[in-house]
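Accompanying notes for the structure given below.
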């Protein structure tokens, strides 16, 4: 009886290990935001103002860290005050506000779009992904994904499309940048 119980225990442990490894691999494999495709060699120091209890903000910051951003995390109980101070247009509001090289980054903007912004240096105030569409960096929900838009906005609150992400038939995001950025070959 003891040998049979030991075998069941070992089998249970192996099955649990397999499930754990599969879950970790699946989680990583499904995260199409894990790798950056835009070469940028300048400063990626970013200040992120977020509500203290926001879990999605921490996941978005993890996405930025995976893409070589240096984050200063500034938890706050009054994000509305921060938004007022940076003159964020009301229609652009989301769950967190970041500042990088003088630009405002509002919500779950993909790292590559921030890098494209820094390369192009357009005369705008910032980028935003309003609301929190399912599937954006930091708000991944497995197979559930929504198409979404990264908006650019100016100091007068006027906004237009910077990039559009559509979910294809294989449930992967396809980027359709509206603002073109001339990418320079890496020096390394």
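Of note:
- Extreme residue, farthest from residue 148 (Cα to Cα), among residues of the stretch 55-104 that are part of a loop (DSSP other than H, G, I, E, B) and without any contact (Cβ under 8 Å) to a residue 12 or more places away in the chain: 78
- The selection criterion, being surrounded by 18 or more Cβ atoms within 10 Å (Cβ to Cβ), closer than 18 Å to residue 48 by Cβ, touching a residue at least 40 places away in the same chain (Cβ under 8 Å) and assigned by TED's automatic domain parsing to the domain that holds residue 68, holds for residue 138.
To keep it simple, each residue is scored yes or no on (1) crowded, with 19+ Cβ neighbours inside 10 Å; (2) farther than 14 Å from residue 136 by Cβ.
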residue	(1), (2)
46	yes, yes
50	yes, yes
66	no, yes
92	yes, yes
108	yes, no
115	yes, yes
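Yes/no per residue for (1) in a loop (DSSP other than H, G, I, E, B); (2) modelled with pLDDT under 95; (3) in the same structural domain as residue 57 (by TED's automatic domain parsing); (4) out of contact with any strand residue (DSSP E or B) (no Cβ under 9 Å at 6 or more places or on another chain):
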site: 128; (1), (2), (3), (4): no, no, yes, no
site: 132; (1), (2), (3), (4): yes, yes, yes, no
site: 157; (1), (2), (3), (4): yes, yes, yes, yes
site: 170; (1), (2), (3), (4): yes, yes, yes, yes
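The values are calculated or read from the model by the stated rules, or taken from the named source; none is laboratory data. Note that the structure is predicted; figures quoted are calculated from it, not measured. So basically every Cβ, Gly included, is an ideal-geometry build from the backbone, and we count neighbours across all protein chains shown.
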